[in-house]
Amino acid sequence: MKYKGFRMVEHERMIVFCGLDCTECPAFNATRENDTARLGELAKEWSSPEMSFEPQDLICDGCYGPRLFSWCNQCDIRSCAIEKSLKTCAECDMYPCEKLTKIWKGMGDSGVRQKANLDQLRGS
């Protein structure tokens, strides 16, 4: 699903459902710059014995875009927000839910920034 009304402005932050700022994501930036070499480097760096990636798996225009990082299609937070027609989870009556707090906890400093982004959008 493509988010209706989304418009990307150069150098503008792009806060998505979970609070992630896509403009800070190396895969998003490599996609935007059409840098296939960087996508290849990231695929190697992010692969593990449990999960391997090919450069094309990392092509991503952000959660609202037509092309998604392969893992995004399995994201419970993204699915939930789309089902509720939310631009971000900051709009949800159940914010912050267990799904969000669990993912933030596992993402270290990035999770702290994601929560801060959504708190700011929420006006908390």
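Since every read-out is calculated from the coordinates, none of them should be taken as a lab result. Quick caveat: nothing in here was measured; it's all calculated off a predicted structure. Cβ: placed from backbone, ideal geometry, glycine included. Neighbour counts: every protein chain shown.
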Exposure proxy check on Thr31, Thr23: fewest-to-most Cβ neighbours within 10 Å is Thr23, Thr31
Check: the chain dipole with +1 on Lys, Arg Cβ and -1 on Asp, Glu Cβ, in debye: 400
Amide H of Phe69 versus every other amide H placed in the peptide plane: which residues, excluding those fewer than 5 positions away on the same chain, fall under 5 Å? Asp61, Gly62
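Summing +1 for each Lys or Arg and -1 for each Asp or Glu, what net charge is found among the other residues whose Cβ lies under 12 Å from the Cβ of Thr31? Present the calculation step by step, with values, prior to reporting the outcome.
Details: positive: Arg32, Arg38, Arg67; negative: Glu33, Asp35, Asp57, Asp61.
Surrounding charge for Thr31 is -1.
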Contact order normalised by residue count of the chain, Cα under 8 Å, 6+ apart, percent: 28
